[in-house]
Amino acid sequence: MSTAAETHDDHHDGHQDPYHLAHHFDTPQQQFDAGKLGIWLFLTTEILLFSGLFCAYAVYRANHPEVFEFAHLYLNKPLGAINTVVLLFSSLTMAWGVRAAQLGQKNLLVGLLALTILCGFGFLGIKFVEYRVKFQNGELWGPHYNPKEMPGAAKDEDDRAKEDRQREAERKKHEEAITVAALTNTVATAPAGYHYDQSKYAPASSDNVDFASISPEWVRQQGSDTKPPGSIAETWHGDPPVNAQLFFSIYFVMTGLHGLHVIAGMICIAWILIRATKGEFGPHYFNPVDFVGLYWHIVDLIWIFLFPLLYLIT
Amino acid sequence: MTAITPDFGRGELLPPLEDNYLTHSRGILSWIFTLDHKRIGVMYLVSVLTAFFAGGVMAMLIRTQLLKSGGLIWPGDAQQHNAFKAYNEVMTLHGALMVFMVLIPGIPGALGNFVLPIMLGAKDVAFPRLNLMSYHLYLWGAAFAVLAIVMGGVDTGWTFYTPYSVKTDFGGVEYMAFGVFILGFSSIFTGLNFIVTIHKLRPPGMTWFRMPLFLWAIYATALIQVLATPVLGITVLFLIFERTMHIGIFDSRYGGDPILFQHFFWFYSHPAVYIMILPAMGIMSEVISTFSRRHIFGYKLIALSSVAIAAIGFLVWGHHMFPNGQSTMIDTIFSFLTMFVAIPSAIKVWNWLATMYHGSIDMKTPMCYACSFLFLFAIGGLTGVFLGTLSVDVHLHDTYFVVAHFHYVMFGGTMIGFLAGIHYWWPKMTGKMYNESLGRLACLGVFIGFNLTFIPQFIMGSNGMPRRYASFDPMYLPYHQLSTIGAYIQFASFLLIAVYLVHSLYSGKKAPVNPWGAATLEWSCCSPPPHDNFKFPPQVGDPYDHDAIVFDERLGGYVRDESIVPELPSNAPHHPLTHEL
């Protein structure tokens, strides 16, 4: 990306040439090829940065499938789907923008880049709405996980605190049992409710999911800020699984890091938008538009993977 | 002057230019914001050596503490944990500084930046601005490391293992982790730059198998930098989230798994070992061929073994975690792959030995370091095979045997290679010759001091002395004392190196264009090189063809044999440099 502005080098001959050729390249083609290889390598590093997150996702989903099946019910599928469409559309405008730059259609290029940035704002706006609901309802990670909406009968604060204390006591008891077992070389048995009980948290089969509750009315309500009370209770029967907060850890890190990349992409597009208004791009020189376009597509692509992995689990 | 015959792309007969990269422009800002790869390389060299000095002082503190079984500087016993906090911090900083600020950026950042484009006959790296940004990021990373010390220090060891790194009450962990994150990006951008430069800026005639082997090594290194470092980035980012927001991915209180941290960490940090050692191996190929005055033996095997090491290096990370709760199956696979990586390393060593065989060996300072490398790296590499053996590793895991092993590879390999490279390219970088006798003496001092430091550590490690402890059982006392004496000898030798290198800058003999008789392209460029390196892509020949290069008494350096005239490209009507004289 940085090849673009290297014409102001101290030992360049001074005047701007239409190819923006930096002093250490022999031909514009060589400069373009170098930039293209550079941006593809950079995109590889971006994929690898996210690969750690995808790895964590895979490990925890394999180890705790019930957590993912349960906690993803808190996500707002319609909003996620709308965001997917917004990003896909922005990829279209971006790709079209690259073509406009290659053909020297300055006004079209400026318009398309502006539209792409607008889509970026749209995406972030919708994401903000989703985040706000989660923060309001305590659907958060680690120690902050304290959702208002839980399956089963509605529980008040006191009940939940009591349950927490009870679970903690059971956990301690179990740890002691393990220590004793290790010392006496016997087998420890976990108290009920502590270990993952396969039968208890088995994936919901078609028998116990109440499909009748997923009506068009229900879907429409997803679009609003607040969810109808009891919707999770209707889709999830039985107690919530242990460690459901793990899903929100992964959800917030993945979408948060992706959001940062959207912002970075928008800044890059704004930069080439300004250069486009000055008419710097044309058939001879469109490298930065092409490279920023590739970056924007990778940001889009990562979301294409995030959406089904997080929102569409069952 | 008029008698100079145009000898395009060689320049051996030319007097040094008045205008070189050091004198091209003046002022501190012309250095800080330079886009010239040579200046960036020199700035890297100064920064890396400064970090090396700081890390070295910490090593001295560690060794001095261990002169007494109860601890000499920070005395205490096993019940007084607080007494050892300062030791833990110094031990952590020594590791973190040396790994992230010396070993990883050292050879690629300093020597690679300086030499790579000239070896290619290019004017600069592909992205000069990105190159400068890498260096600035390096400085920011270093600044965060200093901030970490100010904000309460780090006592986790350089590995930042969870859960300890999450719950330690030292406040600097997240700052250090962020520093490592930034240094990682510096490393990624350097690697990206080098890959693109090697792919796209090779001059006509330089095919892949006509590249100097240092470039192959740097290329393999750059591949690892680009493909492994992002994973470290996300890992330390997770660690920061864990400490500041309790995100829970590595925290078993919230359902996370601390072992996952170790997998992520070593997925980067084992290949990082090859980021450190591969460039040093590249230097070995250059130095050994030059000073044996023989064509490198087994060129293709050395070149491809670099890539093989890079590839296999990605698949061995689990050997750091044999006793940490992996399945026996996984342990066995990682053990096998670990031994497998020894094969390409051994291919290199045997090829270097074959190059020296029947060569006319000239024991100049870089060659002294090269011979030390062969000896020390062989020990480091072979003890790695011991540690890769499952049953042996269970006994030796986390003992001083491991400490000695990786110091033999990291110091005996990378740092010795770095020193060989500094001495080899010093005349080219500075235009000055250093004192050869002092150079050899210091090399001997480093070699003796190093072995005295770490051979006792092998013994006490196999006897059960755990690593990272601030105090120890009196039975290990003689080994620790020998080790400390060795460390002092090393430190004194390094001071000697610093003295004669700095001295050479002021009153060293002027360096000829080609003082060693090497055939790679950087030796056909003036010493120090001009700002633009080459006006035209230079003539590319075999980088190890020493037969065509003969010693010239008049110049005190080597020149290309006049009877062997290279073909001139048709677009080179006059000498690229004569019109400037």
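Values for this structure:
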| quantity | calculated |
| --- | --- |
| Of the criteria (1) touching a Ser or Thr at 6+ places or on another chain (Cβ under 6 Å); (2) closer than 19 Å to B:His546 by Cα; (3) in a helix (DSSP H, G or I), which one B:Trp352 fails | (1) |
| Some residue of region B:228-237 being more than 23 Å from B:Gly313 (Cα to Cα), touching a His at 6+ places or on another chain (Cβ under 8 Å) and either at the interface with chain A (Cβ under 10 Å from one of its Cβ atoms) or hydroxyl-bearing (Ser, Thr, Tyr) (or both) | no |
| Cβ-Cβ under 7 Å pairs, at least 6 apart or on other chains, region B:115-128 side facing another protein chain (nearest Cβ under 7 Å), far side among the hydroxyl-bearing types (Ser, Thr, Tyr) | B:Ala122/B:Thr197; B:Ala126/B:Thr197; B:Phe127/A:Ser2; B:Phe127/A:Thr3 |
| Test: residue in region B:150-161 that is of a type outside the set (Lys, Arg), buried (at least 21 other Cβ atoms within 10 Å of the Cβ) and assigned to a helix (DSSP H, G or I) | no |
| Given (1) within 14 Å of another protein chain (Cβ to nearest Cβ); (2) buried (at least 23 other Cβ atoms within 10 Å of the Cβ); (3) farther than 26 Å from B:Trp317 by Cβ, index of the condition B:Phe194 fails | (3) |
| Residues located in region B:239-262, provided they are buried (at least 21 other Cβ atoms within 10 Å of the Cβ), more than 7 Å from chain A (Cβ to nearest Cβ) and in a helix (DSSP H, G or I) | B:Leu239, B:Glu242, B:Phe261, B:Gln262 |
| Boolean, A:Phe68 is closer than 30 Å to B:Phe264 by Cβ, touching a helix residue (DSSP H, G or I) at 6+ places or on another chain (Cβ under 8 Å), assigned by TED's automatic domain parsing to the domain that holds A:Leu301 and of a type in the set (A, V, I, L, M, F, W, C) | yes |
| Matching option when the condition is within 22 Å of the chain's Cα centre (by Cα), under 30 Å from B:Ile40 (Cα atoms), hydrophobic (A, V, I, L, M, F, W, C) and outside any loop (DSSP other than H, G, I, E, B), among B:Phe454, B:Phe373 | B:Phe373 |
| Residue within region B:85-101 that is in contact with a strand residue (DSSP E or B) (Cβ under 8 Å, 6 or more places away or on another chain) and at pLDDT below 95 present | no |
| Residue pairs meeting the criteria (Cβ under 6 Å; at least 6 apart or on separate chains; first of a type outside the set (Gly, Ala, Ser), in region B:534-548; second not in a loop (DSSP other than H, G, I, E, B)) | B:Pro538/B:Leu521; B:Tyr544/B:Ser289 |
| Residue within region A:14-23 that is modelled with pLDDT under 95, farther than 22 Å from A:Tyr251 by Cα and among the small types (Gly, Ala, Ser) present | yes |
| In region B:96-108, the residues that are out of contact with any Ser or Thr (no Cβ under 6 Å at 6 or more places or on another chain) and either under 26 Å from B:Val540 (Cβ atoms) or within 9 Å of chain A (Cβ to nearest Cβ) (or both) | B:Ile107 |
| Boolean, B:Ile343 is within 30 Å of B:His397 (Cβ to Cβ) and within 18 Å of the chain's Cα centre (by Cα) | no |
| Residue within region B:259-271 that is touching a residue at least 24 places away in the same chain (Cβ under 8 Å) and either among the charged types (D, E, K, R) or closer than 22 Å to B:Thr207 by Cα (or both) present | no |
| B:Met91 being more than 13 Å from the chain's Cα centre (by Cα), within 14 Å of chain A (Cβ to nearest Cβ) and not aromatic (Phe, Trp, Tyr) | no |
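Every residue, every condition in (1) part of a helix (DSSP H, G or I); (2) facing chain B (nearest Cβ under 7 Å); (3) more than 16 Å from A:His297 (Cα to Cα), yes or no:
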site	(1), (2), (3)
A:Ala34	yes, yes, yes
A:Ile39	yes, no, no
A:Phe50	yes, no, no
A:Ala62	yes, no, yes
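The values are calculated or read from the model by the stated rules, or taken from the named source; none is laboratory data. Here the structure is a predicted model, which means the values were calculated and not measured. For neighbour counting, all protein chains shown are included, and Cβ atoms are generated from backbone atoms with ideal geometry for every residue, glycine included.
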